[in-house]
Every structure is written in structure tokens, then in C-alpha cells.
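Read through the structure below, which is laid out as C-alpha cells, and then see the notes.
The values are calculated or read from the model by the stated rules, or taken from the named source; none is laboratory data. What you see is a predicted model, and the numbers here were worked out from it, not measured in a lab. Glycine also receives a Cβ, built like all others from the backbone with ideal geometry; neighbour counts cover every protein chain displayed.
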Ligand code: PEP
Ligand code: MN
């Protein structure tokens, strides 16, 4: 690729940059990271890309979800299992609803860096840098903890590695075995109606599995386990650069469309560019245009249709189908104003991206007492409109991108349990944006599955 290298982004203007005082510390951290092994392999990345091609063509659905900001503390058995089980349950419901394979991508094992609208904030009368994510600075509200610390970049790698290790080990040990979906545990908080619907799907799946076993076709991988890919916002380019490696693809696979080698970002299978860092001439777009991974781009109301097409041309000049996932996040009251124009422009350009709806980031609001929340009805409404707008345009809504957690938090308002603004204080534990809890997320999966069944 002309004039591109893993460090060519450093010649471009950058947004959301982190200024470190400890230059030697940065060099030491990056030097260490450079020597560490990739976290994921080219084969896994290529497999995801092939699956996303199917999503772009309307043959599969992609479910992406996880925390807004993952903390190093979330790297523990219970939280990893809870999130994985939730994504698996949701995907089972969506497979049943959409009648298509579901590709699962978690915002996990690296979703540490956060863009912020303001670089500083005032807490208890003291001005200090904003929390930028666990790989940059600490959440504790004092200026010392908020100072960017380069050794956190190395910690980010090891926390990603430990999370990924447990994720892989759990999956290969049968966490996702479809023979026992009821063991996934619905949690004590689930409402009777959701439990009943879920049990119906589970018995339908069990019947299918019994039949497959009877006729002897249940031995294939796919029944015993499932793939879960990892993803995060590719915000910290210093970090991403050190893990971007020129890697060969296996010879026998090169007969297909795979080039013999490529620069793979090996910190995760899938990286996305946030809505605040997608400037055409900026550092993030420069970095992303050179990596072989499937990539996402967040698009909101400020994106102009011709700018969107120009961006696709820069990051995907060969118009590879499904290479780019457009993650739209307009808000329930704005989607009908912006999505049709974006779809039309992309269709006219000949690009075939995955269209994914993020119904979270355009629907954030504050309660009168200043608590950041999102309403379940807005989230559902944006998803429903996305589906209808794509259908009307002859396009596919390929998937959804959610902020969720396997914990019983109280951060978003609404859902069958009727969480109100007054109840938000009970278990409001997010360090950034409000997430759907386990029950709300599963309920959403049922409702979206229902849209497909209509
Ligand atoms: C996010 O996904 O957490 C995020 C910051 O999104 P966006 O870039 O769309 O604002
Ligand atoms: Mn967020």
C-alpha cells in the first residue's frame, strides 16, 4: 500500500491524543509491547472477515456487545462468564428470529481506551484530566491518578491476554455447548414471560439437536462450541501500532482472495474508528486504511453522505464486500432524517458494507439530577426504524451494536422490569456510558427477533 506503514499515522493531525509527560516511559512500554506475541491470529481475523462478507450480503447477522469502558478489574471469571453467556443466549434468540447464522463479536479483552468530549473535568472543586480509560489513566478522582501513565499500555495487553485466555478456554471446555442451553442460567431477575419464551426456543433447539443426534450429524464443531470474536475502539494508536505486524497467510489459503501477507492489527479481531476520530485526513483513518482486519466506522448525524463515500474509498479502495462495518448511531428521533441518505450514497458508490445499528450512542440523556441514562424504548425504536429503513431501501440491517453487561446493573431506564429514573441509583456501576443489564439485553434480543419474524 502506497506510503503506508504502521506508524504513518504519526504524520497526520490527531484527535483525542494523549499527552504523556514521561517520554522514556512511553518508549519503554512500546518497546516491550513490540516484542510480545499477537493476541489473535491472521486465520481468526480472516475467518471473521469472511463471515462479515456474508453479513453484508444479507446471509448472516452480527451481534456486537459489551461494556462502554472495560476496566482491568473486569478481568475476572464471573464477569467474563456472565458476558459470554449473555451474548450466547442473545445470539440463540436471534438465530431463531432472523433464521440466519449469528456472528458474535464482544467488546471485550481490550475495550479500555475512551474518547472524551472534554479533556478535563472538575470534581469537588478540583480540575483534573478526564478519565480516558484504564489503559491511559486511573478513574480515582485525584490529579495524580488521572495523570496518563504509559505503563498502563503494557497492563492493557496483559489484561487483554488474560481475558482472552479465559474466554477461549471456557468456550473450548463447553461453555457454549448447545446441548445444555438451559445451563446458561437465566439469572434470578428474569421475568416469567421472557423465561417462557426463552424456554420455548430452547426446547425447539433441543428437538433439533435430538434429531441431529439420531441421524448422526451432531458431531461437527458448531454444536459443542461457538466462536466469539473480540473488538475494541482503535483509539490509542501507539498501542495498536506495536501490535500491528506484517504476517503471512498460509500458502494453501492463497488460492482464494487472500493476499500472501498483510499488516494485521493483532490486539483484537475487529477494531472500529469512533465518531470523534473519523476525520478523512486524520491519524486514525490513516492507521485504519492499512490494516487487513475487518474494521468498523461509527457514523452519526454529523456525517455527510459524500464524506461517507470518500471515507469508504480511503479505507477500502478495492471495495471488498464486508470489509467495513458502518455502525450507525443517530438517535431514535434522528435516524429517519439521516440513514436513508447514507444508504443511498453508499449504494450509488458500489460499496457493500455491513450496516450495523448502534442504538445506544445517539440516545444518551441525563436525568434531572444529572445521571447519564438511556431509555429502553428509544433503543428499541432506533433498532426498529433501522430495520424498516434498510428494508425500504433494498438494503440489509446486518446487525446491532450494544453496550451491555452480564451484571444486574441499573443504568438504562425501562424494559419489562420497569426500571425508572428513581431506581437508577441502585446499582449504577458504569465508568462511562449506561449499559443494558442482562435482563434488558435478552429482552431486546427477543423483541428484535420478533421484528424479523413479522
Ligand atoms: C463507544 O462506542 O463507546 C463510543 C464512544 O461511541 P461513538 O464513537 O459512537 O461515540
Ligand atoms: Mn459508549
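So which of 146, 104, 116 ends up being touching a residue at least 12 places away in the same chain (Cβ under 8 Å) and within 16 Å of ligand 1 (Cβ to nearest atom)?
Every option except 116 fails the conditions.
Go through the stretch 107-129 residue by residue and tally those that are within 30 Å of residue 166 (Cβ to Cβ) and assigned to a loop (DSSP other than H, G, I, E, B).
Qualifying residue count, the stretch 107-129: 9.
Among the residues of the stretch 95-118, is there at least one that is modelled with pLDDT of 95 or more and more than 19 Å from the chain's Cα centre (by Cα)?
no
Pick from 423, 398, 394: which is at pLDDT 95 or above and within 17 Å of the chain's Cα centre (by Cα)?
The match here is 398.
When only residues in the stretch 45-83 that are part of a helix (DSSP H, G or I) and within 16 Å of ligand 1 (Cβ to nearest atom) count, which is surrounded by the fewest Cβ atoms within 10 Å (Cβ to Cβ)?
The selected residue is 74.
Please work out which residue is farthest from ligand 2 (Cβ to nearest atom), limiting yourself to the stretch 424-454 and to residues that are more than 16 Å from residue 66 (Cα to Cα) and touching a strand residue (DSSP E or B) at 6+ places or on another chain (Cβ under 8 Å).
So, considering only residues that are more than 16 Å from residue 66 (Cα to Cα) and touching a strand residue (DSSP E or B) at 6+ places or on another chain (Cβ under 8 Å), the one farthest from ligand 2 (Cβ to nearest atom) is 448.
List the pairs whose first member sits in the stretch 335-364 and is more than 16 Å from residue 322 (Cα to Cα) and touching a residue at least 24 places away in the same chain (Cβ under 8 Å), whose second member is assigned to a loop (DSSP other than H, G, I, E, B) and more than 14 Å from ligand 1 (Cβ to nearest atom), and whose Cβ atoms are under 8 Å apart, counting only residues at least 6 apart or on separate chains?
340/393; 344/393; 359/332; 362/332; 363/332
Please determine, by comparing only the residues of the stretch 232-273 that are buried (at least 22 other Cβ atoms within 10 Å of the Cβ) and part of a loop (DSSP other than H, G, I, E, B), which one is nearest to ligand 2 (Cβ to nearest atom).
My answer is 235.
I want to confirm something. Restricting to the stretch 402-419 and keeping residues that are assigned to a loop (DSSP other than H, G, I, E, B) and touching a strand residue (DSSP E or B) at 6+ places or on another chain (Cβ under 7 Å), which single residue is farthest from ligand 1 (Cβ to nearest atom)?
Filtering first and then ranking leaves 410.
I want to confirm something. Restricting to the stretch 420-454 and keeping residues that are more than 28 Å from residue 112 (Cα to Cα) and touching a residue at least 24 places away in the same chain (Cβ under 8 Å), which single residue is farthest from ligand 1 (Cβ to nearest atom)?
For the stretch 420-454, the residue satisfying everything is 453.
Quick grid of which residues meet (1) assigned to a helix (DSSP H, G or I); (2) modelled with pLDDT of 95 or more:
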residue	(1), (2)
135	no, yes
147	no, yes
153	yes, yes
159	yes, yes
163	yes, yes
167	yes, yes
171	yes, no
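Being surrounded by fewer than 24 Cβ atoms within 10 Å (Cβ to Cβ) and more than 20 Å from the chain's Cα centre (by Cα) narrows it down to one of 409, 346, so name that one.
Going through 409, 346 in turn, the sole match is 346.
Working only within the stretch 313-331, note down all residues that are surrounded by fewer than 21 Cβ atoms within 10 Å (Cβ to Cβ) and closer than 15 Å to residue 363 by Cβ.
Within the stretch 313-331, just 331 meets the criteria.
Give the residue, chosen from 42, 10, that is at pLDDT 95 or above, surrounded by fewer than 16 Cβ atoms within 10 Å (Cβ to Cβ) and away from ligand 1 (no atom under 16 Å from the Cβ).
The conditions single out 10.
Take residue 442 and decide whether it is in a loop (DSSP other than H, G, I, E, B) and crowded, with 17+ Cβ neighbours inside 10 Å.
For residue 442, the condition - in a loop (DSSP other than H, G, I, E, B) and crowded, with 17+ Cβ neighbours inside 10 Å - is not met.
Given the residues 82, 56, 60, 23, which is the only one that is closer than 30 Å to residue 145 by Cα and at pLDDT 95 or above?
From the options 82, 56, 60, 23, the qualifying one is 23.
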